[in-house]
1. Averaging the inverse of every distinct alpha carbon separation and then flipping it gives the Kirkwood radius. What is it for segment 171-267, in angstrom units?
2. Taking 0.36 nm per residue of sequence separation and subtracting the Cα-Cα distance, how much length would be gained by fully extending the chain between Q140 and L233, in nm to one decimal?
3. Looking at P73, I130, A102, which one has the Cα that reaches farthest to the positive end of the dipole of segment 49-152 (charges on Cβ: Lys, Arg +1; Asp, Glu -1)?
4. Students often get this wrong, so check it: of K38/K166; K141/K222; K59/K222; K38/K222; K38/K143; K53/K166, which have C-alpha atoms separated by over 29 Å?
5. Using 0.36 nm times the number of residues separating S76 and D24, minus their current alpha carbon distance, what extension gain do you get?
6. Principal axes first, then extents: for the Cα atoms of segment 2-266, list largest minus smallest coordinate on each axis, whole Å, largest first.
7. So how far, in whole Å, is the C-alpha centre of segment 91-162 from the one of segment 180-198?
8. Which ³J(HN,Hα) values in Hz, rounded to whole numbers, follow from the phi angles of segment 69-77 under the Karplus curve 6.51 cos²θ - 1.76 cosθ + 1.60, where θ = phi - 60° and Gly and Pro get x?
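No lab work stands behind these numbers, since they all come straight from the coordinates. Since the structure is predicted, the reported quantities are computational estimates derived from the model, not experimental observations. Using ideal geometry, Cβ is built from the backbone for each residue, glycine included, and neighbour counts are taken over all protein chains shown.
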Amino acid sequence: MTARHSSFAVRLAVSTLCLYRQRDASIPRLIRENPSIKNWEIMDDGYHRLDSKLVRELKALSAGGIQFSVHAPFSSINLSESDPSLRATFIGILEESICRAAEIGAVVEVMHAAVPTIFSYSYPDDARRIAASSVATLVQKGKDLGIEVVVENGVGQYDLFNTVEKISGVLEGHDEVPTCLDIGHASITGDIPNFIRHQPRIHHVHIHDNMGQHDQHLPAGKGSINWREVCRLLRENDYRGMLVAENHSIEDALHGLSHIRRILDGL
């Protein structure tokens, strides 16, 4: 599903976050039941990891014209971990996810750079340096396999990636690292226009709504975010990637995409 307005072309997509709380649900069945959606972000976490069986099923769907991105595992993963052996384990888990993503022909892999800890609170400069080095390693792994690895802006007071200034600081000297702009997170931690204009190298976008205080993952149009302004600014910044609806149900995701499509059609 591609939305076009003159030179502004984006691909509307759905995240399988909508199945995250359903441990026995089938991602391939969800995709087959929604044939109008041609772009999907696979949440490689929890009870829906990209194991060999799921990879085989998604490869078959990819051969039929479905395009994928992958959200890397994030539960307990911390790329700013101070212990080298633990950090190597986390990097190994994410490298395996990148390899699985390559098998299904994914074009993008999204990851969280860090988890706030007492270490990152006490030694923020060290935590940022460690996170940047870890991310650079994974970005190179993605390049080797033909996948663009992007780092998502976070949410929460002590997150290392929750503001434009922090993101720019962490990625200083790492111009090869692209980012994912999560609009819902940006609405909580700062000024969305500032994120769109100044967050470095935005190559992927997550869309969900909230009321400005909590990470609710509401469908676009059901919270306080000005989506017309968001779409206008993305167009002005020549954004051409996916707009991925990240919601807790497929109904919410489809509702949000319909809202975004109407806005894009009116630009």
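1. Details: mean 1/r = 0.0736 Å⁻¹.
Its Kirkwood hydrodynamic radius stands at 13.6 Å.
2. Working: separation 93, 0.36 × 93 = 33.48 nm, distance 2.98 nm.
Difference between extended and current length: 30.5 nm.
3. Checking the options against the dipole of segment 49-152, the answer is A102.
4. Those over the limit are K38/K166; K141/K222; K59/K222; K53/K166.
5. 16.5 nm
6. 46, 41, 32
7. 18
8. 10, 10, 9, 5, x, 9, 5, 6, 7
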